[in-house]
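Taking it in order: structure first as structure tokens, then the write-up.
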Amino acid sequence: MSKAQYALCAIGNAIVDILAPSSEEFIQSQVAHGMQRGAMNLINAERTIALYDAMGETTQASGGSAGNTIAAFASFGGKGAYIGKVGNDHLGQVFAHDLKNIGVAYKTKPVISGTQTARCMILITPDGERTMNTFLGACVELSPDDIDEEMIKNSAVTYMEGYLFDPPLAMEAFYKAAKIAHDAGRKVSLTLSDSFCVGRHRKAFQELVEGHIDILFANEEEIKSLYEVSTFEEAAAIVKNKCEITVITRSEKGSVVIHAGGMTEVKAEPVAKVMDTTGAGDAYAAGFLYGYTEGLSMAQCGQLGSIAAAEVISHIGPRPLVTLSDLIPRKVA
């Protein structure tokens, strides 16, 4: 296998996040519109406008699950690439600029249909929990034609977000990318993204995980939803034979890495105060994959994941505010 030009290529929904603090009462008042506390709810363009008007003062930041991961990966010093569809509009230009500004290769052409760039309206309650309301916009137009074959062939790991399973064409794009990667002797990784997303596509996810994924990321609720079990222990027992590596994050309990050598437990990094959990799992995946592509041990990979997640949840916004490479412990570096 030839040396990879990129350590990581992420494929996902190119989304700009619109974040605002929220009360529990406001979240409850929106249940009739399909809002589910702590989960991701898909909304249309009209609902996006109405919700934006009700959110009060907001903060804007480039986001998207895989976009957050590749940004954090670059902050560790990893060479990355990204594939995702934006609209030919201001927010699309912002998204592309943000990636290129941190050294991530981004070549996906914007849509020509006039569809707007996707956005995620994120409400953050006082406990730091985020409730997401996503207008997919241009994301749904990502197709197999957008998969850059040379970029995938030249990436050590191709990483995909589970949210991308909502648009059918994007699902086809991922299967194409997975085949290209494996034919080139590369690795393929997936994050399940959201337990409700898993519920919408459970059978497809199971087939994907068991037939095409080398490195799987999930939190405790997502992995239990995938296999319809009630405990972490049951899910761990099932998944241990499904992938080469499975990483399960467990919030303050840390994380568990299930691999050929057994099960490695990783402690969570301490945080003075949790401000916003948006992007925590994305950052964890970035740290883990950075360690993986650098040839570190499973414990060290998990430690870097925990460090990245801790930094992201200590402030508002889904991407690191400091250079993550500066946080790598001497014993890991």
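In the range 221-243, what residues are under 21 Å from Y159 (Cα atoms) and either out of contact with any Lys or Arg (no Cβ under 9 Å at 6 or more places or on another chain) or exposed (fewer than 14 other Cβ atoms within 10 Å of the Cβ) (or both)?
Within the range 221-243, E221, E222, I223, V239, K240, N241, K242, C243 qualify.
Residues in the range 127-145 that are over 17 Å from L51 (Cα atoms) and either assigned to a helix (DSSP H, G or I) or of a type in the set (D, E) (or both): how many? Before the answer, list the steps.
Within the range 127-145, the subset over 17 Å from L51 (Cα atoms) is 127-129, 138-145.
If we keep only those that are either assigned to a helix (DSSP H, G or I) or of a type in the set (D, E) (or both) as well, we get 127, 129, 138-141, 144-145.
Qualifying residue count, the range 127-145: 8.
Go through E294, E210, E234, E221 for me and flag whichever is closer than 30 Å to L123 by Cα and among the acidic types (D, E). If you could, list the steps in order and put the result at the bottom.
Values: E294 fails: closer than 30 Å to L123 by Cα; E210 fails: closer than 30 Å to L123 by Cα; E234 fails: closer than 30 Å to L123 by Cα.
Being closer than 30 Å to L123 by Cα and among the acidic types (D, E) holds for just one of E294, E210, E234, E221, which is E221.
What is the residue count in the range 72-104 for residues that are of a type in the set (A, V, I, L, M, F, W, C) and out of contact with any Leu (no Cβ under 8 Å at 6 or more places or on another chain)?
Here is the first cut: in the range 72-104, the residues of a type in the set (A, V, I, L, M, F, W, C) are 72-74, 76, 81, 83, 86, 91, 94-96, 99, 102, 104.
Imposing the further condition that a residue be out of contact with any Leu (no Cβ under 8 Å at 6 or more places or on another chain) reduces the set to 74, 86, 91, 94-96, 99, 102, 104.
The total comes to 9.
May I ask you to say which residue of A283, A333, A299, A308 is more than 18 Å from the chain's Cα centre (by Cα), modelled with pLDDT of 95 or more and either assigned to a helix (DSSP H, G or I) or more than 26 Å from R130 (Cα to Cα) (or both)? Steps first, please.
Values: A283 fails: more than 18 Å from the chain's Cα centre (by Cα); A333 fails: modelled with pLDDT of 95 or more; A308 fails: more than 18 Å from the chain's Cα centre (by Cα).
None of the other options fit; the residue is A299.
Check whether at least one residue in the range 91-98 is crowded, with 22+ Cβ neighbours inside 10 Å and either polar (S, T, N, Q) or within 24 Å of V157 (Cβ to Cβ) (or both), and report yes or no.
yes
Would you confirm, using the coordinates I've provided, whether G103 is without any contact (Cβ under 8 Å) to a residue 40 or more places away in the chain and under 19 Å from the mean Cα position of the chain (by Cα)?
The answer is yes for G103.
Which ones in the range 72-93 are aliphatic (A, V, I, L, M) and under 14 Å from L289 (Cβ atoms)?
A72, A74, A81
Select, from G87, G103, G78, the only residue that is within 30 Å of K153 (Cα to Cα), surrounded by fewer than 17 Cβ atoms within 10 Å (Cβ to Cβ) and modelled with pLDDT of 95 or more. Before the answer, list the steps.
Values: G87 fails: surrounded by fewer than 17 Cβ atoms within 10 Å (Cβ to Cβ); G78 fails: surrounded by fewer than 17 Cβ atoms within 10 Å (Cβ to Cβ).
Exactly one of G87, G103, G78 is within 30 Å of K153 (Cα to Cα), surrounded by fewer than 17 Cβ atoms within 10 Å (Cβ to Cβ) and modelled with pLDDT of 95 or more, namely G103.
Spot the failing condition for G64; the list is (1) within 18 Å of T115 (Cβ to Cβ); (2) free of Cβ contacts under 8 Å to residues at least 60 places away in the same chain; (3) buried (at least 18 other Cβ atoms within 10 Å of the Cβ), and only one is missed.
The one condition G64 does not meet is (2).
Given the condition touching a residue at least 24 places away in the same chain (Cβ under 8 Å), out of contact with any Pro (no Cβ under 9 Å at 6 or more places or on another chain), closer than 24 Å to H90 by Cβ and crowded, with 21+ Cβ neighbours inside 10 Å, answer yes or no: does some residue in the range 136-153 qualify?
Yes - at least one qualifying residue is present in the range 136-153.
For residues that are in a strand (DSSP E or B), at pLDDT below 95 and not acidic (D, E), tally how many sit in the range 1-42. Talk me through it step by step, then tell me what you get.
First pass over the range 1-42, keeping only residues in a strand (DSSP E or B): 6-11, 15-21, 40-42.
In the following step, the residues that additionally are at pLDDT below 95 were identified as 15-21, 40-42.
Next, from what is left, pick out any that are not acidic (D, E): 15-16, 18-21, 40-42.
Residues in the range 1-42 being in a strand (DSSP E or B), at pLDDT below 95 and not acidic (D, E): 9 in total.
So in the range 1-46, with the set limited to residues that are of a type in the set (D, E, K, R) and surrounded by fewer than 17 Cβ atoms within 10 Å (Cβ to Cβ), which one is farthest from I124 (Cα to Cα)?
Restricting attention to the range 1-46, the residues satisfying the condition of being of a type in the set (D, E, K, R) are 3, 17, 24-25, 37, 46.
In the following step, the residues that additionally are surrounded by fewer than 17 Cβ atoms within 10 Å (Cβ to Cβ) were identified as 3, 24-25, 37, 46.
Numbers: K3: 42, E24: 9, E25: 12, R37: 10, E46: 22 Å.
Across the range 1-46, the extreme among qualifying residues is K3.
Can you give me the number of residues within the range 311-330 that are part of a loop (DSSP other than H, G, I, E, B), closer than 19 Å to S65 by Cβ and touching a helix residue (DSSP H, G or I) at 6+ places or on another chain (Cβ under 7 Å)?
3
The values are calculated or read from the model by the stated rules, or taken from the named source; none is laboratory data. Every value quoted in this text rests on a predicted model; they were computed, and no experiment measured them. When we count neighbours, we look across all protein chains shown, and the Cβ atoms used for this are built from the backbone with ideal geometry, even at glycine.
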